[in-house]
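The values are calculated or read from the model by the stated rules, or taken from the named source; none is laboratory data. Since the model is a prediction, treat every value here as computed from it, not as a measurement. Note that each Cβ is placed from the backbone with ideal geometry, even for glycine, and that neighbours are counted across all protein chains shown. SASA here: full protein model, heavy atoms, side chains in, ligands and nucleic acids out. Shrake-Rupley method; radii C 1.70, N 1.55, O 1.52, S 1.80 Å.
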Amino acid sequence: MYNNWNELRNKCNNCNKCELSKTRNNVVFGVGNTNARVLFVGEGPGEQEDLKGEPFVGRGGQLLDKYLKAIDLDRNKNIYIANIVKCRPPQNRDPKPNEQEACIDWLRNQFLLIKPKIIVCLGRISAQKIIKNDFKITKEHGIFFNKKDTIMMATYHPAALLRFPENKGIALDDFIKLKNKIKEICPETYNKY
Ligand code: URA
């Protein structure tokens, strides 16, 4: 556990705990406000993210930004965004369980420093790692879970919405539920920053 954000970032940027470190261009540590009450967690970097070193900057990321805007959230203001694995899996395959396990302490440390009230999992991989290992995104998206006083929910991954646009409306409903939950438990998200 590192208590200092810069130290954590530096250590993470030099990580080689798993094979993904060998093929990465950049570690994708995370982006946003480190005092945010709401933490979004994706799966792992794709090609654009690996090249830029920032999460969700490809087509999926642009869609995510639209959903965030719809509920007055902004990656540069009132949320933080990170991933389960910080390095790109080759060909965008799912990160393997051993890669997730090797990487998760970085996210844990980010969580301990940010102390968010709400975690939003983007997609199945994130929800299964963070909420419960048999999480079913089609059945359990938009539902709030409470684990050790942190509220957690999952919604569809933006890349999945690009593949199955028929789910875009359902995802928007999840974001509206999220906005209401934020207003209930951490309304300062909308006026503090
Ligand atoms: N997909 C993710 O899960 N995370 C990113 O950062 C980009 C795409």
Of all residues being open to solvent by 70 Å² or more (accessible area, probe 1.4 Å) and in contact with a strand residue (DSSP E or B) (Cβ under 8 Å, 6 or more places away or on another chain) in segment 135-148, which is nearest to the ligand (Cβ to nearest atom)? Just the residue, please.
I143
Here is a check on your reading of the model: is F135 in a loop (DSSP other than H, G, I, E, B) and not aliphatic (A, V, I, L, M)?
yes
I'd like the full set of residues that are within 16 Å of the ligand (Cβ to nearest atom) and touching a residue at least 24 places away in the same chain (Cβ under 8 Å), limited to segment 154-173.
A154, T155, Y156, H157, P158, A159, A160, L161, L162, A171
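Return the only residue of D65, D74 being within 17 Å of K179 (Cβ to Cβ), within 15 Å of the ligand (Cβ to nearest atom) and without any contact (Cβ under 8 Å) to a residue 12 or more places away in the chain.
Going through D65, D74 in turn, just one is within 17 Å of K179 (Cβ to Cβ), within 15 Å of the ligand (Cβ to nearest atom) and without any contact (Cβ under 8 Å) to a residue 12 or more places away in the chain: D65.
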Scanning segment 106-134 for residues that are open to solvent by 80 Å² or more (accessible area, probe 1.4 Å) and within 16 Å of the chain's Cα centre (by Cα) gives R108, L112, K115, K117, R124
Subset of segment 149-177 (residues that are in a loop (DSSP other than H, G, I, E, B) and surrounded by 20 or more Cβ atoms within 10 Å (Cβ to Cβ)):
Y156, H157
Here, helices (runs of 4 or more DSSP H) confined to segment 6-89 with at least 3 residues that are open to solvent by less than 10 Å² (accessible area, probe 1.4 Å) are 59-70
Need the failing condition index for D72 against (1) over 15 Å from the mean Cα position of the chain (by Cα); (2) under 23 Å from Y2 (Cβ atoms), just the number.
(2)
